[in-house]
Amino acid sequence: MGVIQRQSIKQSMVNYIAVAVAAVSTILVYPQDLETYGIARFVIDTGTFLAPFMLLGAGGVGIKFFPDFHTKEKDNQGLLFILLMWVVIGCLLVSGSYLLFKTPIHAYYEQRDPLFGDLLPLVLAIGILYAFFTLLLQYSSNFKRIVVPSMFSNLIKIILPILMLLYIGKWISLKFLLWGIIANFILALIGMVGYLIYLGVFKVKVDFSLLKGKRRSAMVSFGLFFLLSSMGSVLAFKIDSIMISTLIDFESTGVFAIAAFIGNAIAIPTNAITQITSPIVAASIKKNDFKHIDFLYKETSINLLLIGLLLFICILCSIEDLFMLMPNNEALLKNGFVIVMLVGISKVIDMATSINNPIIYYSKYYKFGFVAILLMAVFNVFTNLLLIPKFQIVGVALATVMSLSLFNICKLIFIWWKLKLQPFSLSTLKLLVVAALVFVVGFYLPLMGMPLIKIILRSIVIGLLYVGIVYYLKISLEFNKLLNKGFNQIVGGS
C-alpha cells in the first residue's frame, strides 16, 4: 500500500491529535455551556451544509478529470482556473438565492428564536469559505498530499474550545465568538492556498483548450451528478444539528453533538484512506485495472474494520465513566450511551464497506451514486421527522444508523452486481468474532476506583487482548507488518 499507508497513517496521526484536543474540550469545556456550544455547532454545521451546493461538484471533477489535464511539462493546463470559476458561479447562485428569499427564511427561523436572524449571514460566509477550502483540499489529494491539508481542516477543533473558554470566562461576547469561527475558516483557506503555492502546484492559468467537445460535456455531466450526490450527502450527514436546533433547541444540539463526536471518533482513519485512495482508484479505473481496485477494496476494508472495532469497543465499554468526568452530565447520562452506540455502529458498518464511494463515483456507474445517496438523504430526513417527535435526540441517532446502513448495503450489492467486487473475506468473519469476545471481556471487567483510572485500565486490557489475538491469527498481514516494523525499530533503537 506504500504511499497510501504512509500518507493515511500520517494524516490519522494528525487527526488523532486534533481529536485528542477536541476530546478534552468535549469532556471539560463544551458541557459547561451546552446552549452556546449548540449555537456554535449550528453555525458551523449549517455553513458546511451549504458548501456542496456552492461547489457544484467541482471537487469530484478535479479528481476524476485530473489525469486528462495534468502533465509534468504543462502543469494542470487550466484545470485549477476552471474549477475556481466553477465554485465562484456556485457561490453567486447560493448567495443570490439567499438574498432573494431572505425575508421568508428569516421569518420562519426568527419565530422560533430571534437569534437565528443574526446567525444566518454568518452561515452563508462560512459556506463560501468552506467551499473554496474543500475544492483546494480535494485538489491537493491528486498530488498524494493530504497531511498538511488535514491540519488546516482540523484547525476548528483547536480554535473552537479556545473561543468557548474565553466566552465562558466572560472575556468575549457571543458575537466575538461567532466572528472567531469565521476567522478560523479564513485562516484555513489562506493556509491551503499557501501550501499549494509551496508545492508549486497552484497554477491558475486561463486555458480552455482542453475544455471542449466530449470532455466538456463529460465534465459538466459528472459535475452535475457529483453535485446531486453531494446534496444527498449533506442531507444525510449534516442535517442532524440543523433539524435538532430547529425542531427542539440549541441545548439539545449541544448534547447530541458531544455524544455524536464520541461515536464519530471511531471513523477518523476513514477520511484519510478515502482521500488518498480516490485518485488511485480514478487512475486504476481509467487503466481498467480492476485487479488493483479489488486489492485496495479488501485491504482497506479489513484494516479500517480492525481499527474501527477496537475504538468502538474501547469507547462503548468506558462511555459511562467518560460521562462521569464531564460537568453538567445529567443529559448525557440520560441519552448519551444509546446515541454513542448507534452512531458507532453506523460508523463501523461504513468502515467495513471501505472505499465503495470512490469505486462507484469514478467508474462509469457514477450516476448510481447519486441515486443511492439521494434516496438515503430522503430516507434520513423522513426518519428524522418521524422519530424526533417521539424519541427526541435519540431519534436522530436511530435515523442515522438506519439510513447509513441501508446506504452502504445498497452500494455493496451494486458493486458486486456490476463489477464483481466485494470487500469481505474469511478474515472479516474472524475479526468480528474476536471483537465480540473482547467486548464481552471489556464490558464485564470488574474494576473499582476513579472513572479516569477505570477508563485507562480497561482500555489497556482491551487493547492488549484485541491486538494480541488479531496479531496471532494474522487477520491483517499489513497490520502484522506494521507491528513487526515498530517492534524492530524499538528493539534496534534500544
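Cα centroids of region 116-191 and region 34-62: how far apart, whole angstrom?
Region 116-191 and region 34-62 have Cα centres spaced 10 Å from each other.
Using only the Cα atoms, work out Rg/Rh for region 2-424, with Rh taken as the Kirkwood radius, to two decimals.
Using Cα coordinates only, the ratio equals 0.95.
Taking the highest mean first, how do the peptides 368-375, 460-467 order by number of other beta carbon atoms within 10 angstrom per residue?
368-375, 460-467
With label points built 7 Å along Cα→Cβ from the Cα atoms of A23 and Y472, find their separation and express it in nm.
Going by the 7 Å Cα→Cβ label model, 2.6 nm.
Can you show me the helix-derived [θ] at 222 nm for the chain, built from DSSP H runs with n ≥ 4 at -39,500 (n - 2.57) apiece and divided by the number of residues, rounded to the nearest 500. Spell out each step's value before the answer.
Working: 22 runs with 402 residues, N = 494.
Per the formula, -27500 deg cm²/dmol.
Would you mind putting 257-270, 118-131 in packing order, based on average other-beta-carbon counts within 10 Å, highest first? Don't skip to the end; give the middle numbers.
Details: 257-270: 23.1, 118-131: 20.1.
Result, highest mean first: 257-270, 118-131.
Among 432-444, 298-310, how do they line up from the highest to the lowest mean number of other beta-carbon atoms within 10 Å?
Numbers: 432-444: 15.6, 298-310: 23.1.
Listed from highest to lowest mean packing, they are 298-310, 432-444.
Of K214/K418; K205/K286; K454/K485; K287/K364; K347/K474; K454/K481, which pairs sit farther than 20 Å apart, going by alpha carbon to alpha carbon?
Where the Cα-Cα span goes over 20 Å, the pairs concerned are K214/K418; K205/K286; K454/K485; K347/K474; K454/K481.
Near K420, which aspartates and glutamates are there with a Cα under 13 Å away, not counting those fewer than 8 places off in the same chain?
Straight-line reach from K420, under 13 Å: D294.
Bear in mind that the values in this text are calculations on the coordinates, not laboratory data. Please read all numbers here as calculations on a predicted model, not as lab measurements. Virtual Cβ from ideal backbone geometry, glycine too; neighbours counted across all protein chains shown.
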